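Presented below is the structure to which this report refers.
The values are calculated or read from the model by the stated rules, or taken from the named source; none is laboratory data. Bear in mind the structure is a predicted one, so any value in this text is a computation, not a measurement. Heads up, the Cβs are rebuilt from the backbone with ideal geometry, glycines too, and the neighbour counts pull from every protein chain shown. Surface accessibility is based on the protein's heavy atoms, side chains included, excluding ligands, DNA and RNA. Shrake-Rupley method; radii C 1.70, N 1.55, O 1.52, S 1.80 Å.
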Amino acid sequence: MLVFLLGLPVAALSAGLTAYESSMRTVQTQSAQRQEVTARLTSDVRGNAEEAKRQAQVRWTDGNGTVRTGTAWVEPGTPKGATVRVWVDLDGTITGPPMNALNARTTGWFVGGMTTIGVTAGFFAARAGMRHVLDRRRYAQWEAEWDLVEPLWSARFRR
């Protein structure tokens, strides 16, 4: 029990911090490799505001002056020529926004919590297994002792 009470917080904290640090490295890498640019729609996006975003063709000019096109998620009802903000990677390919610090913190907390649940479940499973093995052993000993005592015990009542 002492190992469980001392090991659980250590395991949860170390797993959570490791996940957080790894996620923060991802945040830094993605922030360095992605940038937000302004693009223009090349066609109307049909639909109304209550509908989900739709993919549409957009055009933008990168830092080298090269005109690029791609597909981005756009609100329905956006007219042709409207500006939209899109994230692009170093190759100029449209991508999602970079992971942020909140995502990294959430990942750390999630991994720490899941570690807590896993360690706790493992502890109780080991405890139940140990109890089962010990109970079987005790029942076997009791059965062996009863086999010795039972003939003497029941002989008292036959007279």
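Shown for the stretch 104-146 is the translational diffusion coefficient from the Stokes-Einstein equation, using the Kirkwood radius over Cα pairs, a temperature of 10 °C and a viscosity of 1.306 mPa s: 125 µm²/s. Two decimals is fine: what is log10 I(q)/I(0) at q = 0.11, 0.15, 0.20 Å⁻¹ for the chain, from a Debye sum with one equal scatterer on every Cα and no solvent? Treating every Cα as an identical point scatterer, log10 I(q)/I(0) equals -0.73, -0.91, -1.15. Taking all protein chains in place and a 1.4 Å probe, what share, in percent, of the accessible surface of the stretch 25-159 do carbon and sulfur account for? Summing carbon and sulfur atoms, their accessible area is 55 percent of the total for the stretch 25-159. One chain, two ends: THR66 and ARG138. Fully extended at 0.36 nm per residue, the span grows by 17.9 nm beyond their Cα-Cα distance. Quick check: residue separation of ASP147 and MET114 times 0.36 nm, minus the Cα distance between them. What number comes out in nm? So the extension gain works out to 7.0 nm. Between ALA82 and GLU21, the simple label model (points 7 Å from Cα in the Cβ direction) yields a spacing of 4.6 nm.
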